[in-house]
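Just below is one structure, and these are the notes that go with it.
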Amino acid sequence: MDRRQDGKPCYLAGDGTGYVSRLADSMEAAQLDSAAALMEEGRRILDGRRWTSGEIHLLAVELMESLTEVHRVAESRGARLPTPDYDHPDPDPDTDPDTDDEADGPRLPAEVFG
């Protein structure tokens, strides 16, 4: 999903395997890479403790632009996820006798995870 100039969302239709879908995936990956690089630059600037008000202002502007792009990617990806059915949750294997433990594979005790 993206936003048109008027602020309304626009969606990419298809099965996610076509040229435009791959182009959109590539653009999203570039936006996320840019956000990661900007985060590193922000840390470097802030850790140096020697910045001008112009540097801080530019950093804030770039961070807002990047955050807007990353938020758009997250909204788009989230919109494609199935909605959980909270009215019919998965059965609890510890209390539901009809749950087949072997279907889930081996289980580790909680102590393994600290």
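The values are calculated or read from the model by the stated rules, or taken from the named source; none is laboratory data. The structure presented is a predicted model; accordingly, all values stated were derived computationally and were not measured. Cβ placement follows ideal geometry from the backbone for every residue including glycine, while neighbour counts extend to all protein chains displayed.
Worth a mention:
- Residue within the stretch 44-61 that is touching a residue at least 24 places away in the same chain (Cβ under 8 Å), part of a helix (DSSP H, G or I), closer than 27 Å to residue 78 by Cβ and of a type in the set (A, V, I, L, M) present: no
- Unique match (being within 30 Å of residue 14 (Cα to Cα), modelled with pLDDT under 85 and touching a helix residue (DSSP H, G or I) at 6+ places or on another chain (Cβ under 8 Å)) among 66, 76, 34: 76
- Pairs meeting the criteria (first residue in the stretch 23-40 and surrounded by 11 or more Cβ atoms within 10 Å (Cβ to Cβ), second residue acidic (Asp, Glu), beta carbons under 6 Å, at least 6 apart or on different chains) are 31/69; 38/62.
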